[in-house]
Amino acid sequence: MATQPYPSSFSSYAIAFDATQPRSTPMGSATFAAVGGKTSIPYGWVDFCGRRPEQCEVPALPAVNLKLTPGTWSTLDRVNREVNGYIVPESNLEHWGTKLDHWDYPVDGKGDCKIYALFKRKLLLDAGFPRQALLMTVVYDLHGEGHAILTVKTNKGDFILDNLVNSIRSWDATGYYFVKRQSQQNPNIWVSINLRGDAAFGSGHNRNAVN
C-alpha cells in the first residue's frame, strides 16, 4: 500500500498559512512553449512510478488546458506559496542517502525541487485541476544545475510553479533552459523542449541539450 502523501502537519500548516497571507497575487500573463517529439523519461519519474504505481497507471487522455480565471489563479498562487513555505529544503543525498534521483511526496516535510513540484501537482489534482494541464518539467536553472518545476498549461499560456520563487511566472520569464516535460496526454511520455525561457529578457534562443 502506498504511504500517505500528506504529512500529518500539512493541513494545519496550510490553514495557518492561509490566514496570514493575501488571498491572491494579480493574475499574470504567459506565452506558450513549443515542444518537440518524444524523449527519454527521467529516472526519477520511473522510480516514482515503481513505488507509487497508482499515480502513474492512468489512461491516456485528450490534451486539455486549464481555464484561467481569478478562482483558478488564486488556487495556483495559494498552493505554490503553501508548499514553498512548508517543505524544508534538503538535497537528495542528505534526504534519501543516495545519489540516484529520488522523486516522492514530502512524507517527512523535507525534500528538493522534485518533491516540491510533485506535491504541488498532487494538491492541484486533488483540487480538481485537469491532469493534462499539470506537467512535471526538467530544466537547467540560472546556475546551469538540473532543476524540476511544475508547468501549468492554461488557455492563457504556460505558467511555472517553482520552489525557488514564490511568484508564478510565464515559462519564458524564468531564464531557465527547458529540457523536457510530460506529455499532456500521457504523464509517462515525455517530450523535448530545448528552449531557453528568457524571451521576456529579449534574448530567447534555441540550443542543443543533453537529454
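Quick notes on this one:
- Matching residues, region 86-96, being touching a residue at least 24 places away in the same chain (Cβ under 8 Å) and either touching a Ser or Thr at 6+ places or on another chain (Cβ under 6 Å) or among the aliphatic types (A, V, I, L, M) (or both): Ile87
- Residue within region 162-184 that is under 17 Å from Arg52 (Cβ atoms) and in contact with a helix residue (DSSP H, G or I) (Cβ under 9 Å, 6 or more places away or on another chain) present: yes
- Residues of region 177-196 that turn out to be in a loop (DSSP other than H, G, I, E, B), open to solvent by 10 Å² or more (accessible area, probe 1.4 Å) and not β-branched (Val, Ile, Thr), as a count: 5
- Take the conditions (1) closer than 22 Å to Ser9 by Cα; (2) over 14 Å from the mean Cα position of the chain (by Cα); (3) not polar (S, T, N, Q); (4) not in a helix (DSSP H, G or I); Glu94 misses just one of them, which is (4).
- Once region 119-146 is narrowed to residues that are under 18 Å from Asp47 (Cβ atoms) and without any contact (Cβ under 8 Å) to a residue 60 or more places away in the chain, the residue that is most open to solvent (accessible area, probe 1.4 Å) is Gly146.
Table: residues versus (1) surrounded by 12 or more Cβ atoms within 10 Å (Cβ to Cβ); (2) free of Cβ contacts under 8 Å to residues at least 60 places away in the same chain; (3) not in a loop (DSSP other than H, G, I, E, B).
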position: Ser12; (1), (2), (3): no, yes, yes
position: Ile15; (1), (2), (3): no, yes, yes
position: Ala30; (1), (2), (3): yes, no, no
position: Trp45; (1), (2), (3): yes, no, yes
position: Asn80; (1), (2), (3): yes, no, yes
position: Asn84; (1), (2), (3): yes, no, yes
position: Lys99; (1), (2), (3): no, yes, no
position: Pro106; (1), (2), (3): yes, no, no
position: Ala117; (1), (2), (3): yes, yes, yes
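- Within region 44-89, the set of residues being among the polar types (S, T, N, Q) and closer than 19 Å to Gln132 by Cα comprises Gln55, Asn65, Thr69, Thr72, Thr75, Asn80.
The values are calculated or read from the model by the stated rules, or taken from the named source; none is laboratory data. Nothing here was measured: the structure is a model prediction, and the numbers come from that model. Note that each Cβ is placed from the backbone with ideal geometry, even for glycine, and that neighbours are counted across all protein chains shown. For the accessible areas, the whole protein counts, side chains as well, though only heavy atoms, and no ligand, DNA or RNA atoms are used. Shrake-Rupley method; radii C 1.70, N 1.55, O 1.52, S 1.80 Å.
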